[in-house]
Amino acid sequence: CLMDVCSGVGPIRWAETVLLGAVCGFVGSLLDSLLGATVQATYYDENKKLVHCSHEEGLKHISGRNMLTNVQVNVVSVAATTYLGGFVFGPMIF
């Protein structure tokens, strides 16, 4: 393609691209789970048999510290995975 020649970008290396996506997906999922289990509080409503992310009267604390919300855990996880993928895993794979 003329655009590839002009920009200096070579052909896409499919195997490396898929590998980077798989590694980032795995690490991101693992990081999100670890953060969610440790710094995001989870509560249980014994009457309704439901798990809640926010504390309300009568709910039993079952895991995590009340440091981050679910949205904040997701943002930290995405930011860390993006950094690791671009500056650590990407150069190792490519």
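The values are calculated or read from the model by the stated rules, or taken from the named source; none is laboratory data. Just so it is clear, the model here is predicted, and its values are computed rather than measured. Neighbour counts run over all protein chains shown; Cβ positions are idealised from the backbone, glycine included. When the accessible area is computed, the model is the full protein with side chains, heavy atoms only, and any ligands, DNA or RNA have been set aside. Shrake-Rupley method; radii C 1.70, N 1.55, O 1.52, S 1.80 Å.
Remarks
- Tally of residues being outside any strand (DSSP E or B) and either loosely packed, with under 12 Cβ neighbours inside 10 Å or more than 18 Å from the chain's Cα centre (by Cα) (or both) across region 54-70: 8
- Any hit, region 51-60, residues being modelled with pLDDT of 95 or more and of a type outside the set (A, V, I, L, M, F, W, C): yes
- Subset of region 25-44 [open to solvent by less than 60 Å² (accessible area, probe 1.4 Å) and within 13 Å of N74 (Cβ to Cβ)]: G28, L31, D32, L35, G36, V39, Q40
- Tally of residues being open to solvent by 90 Å² or more (accessible area, probe 1.4 Å), of a type in the set (F, W, Y) and under 17 Å from G28 (Cα atoms) across region 71-94: 2
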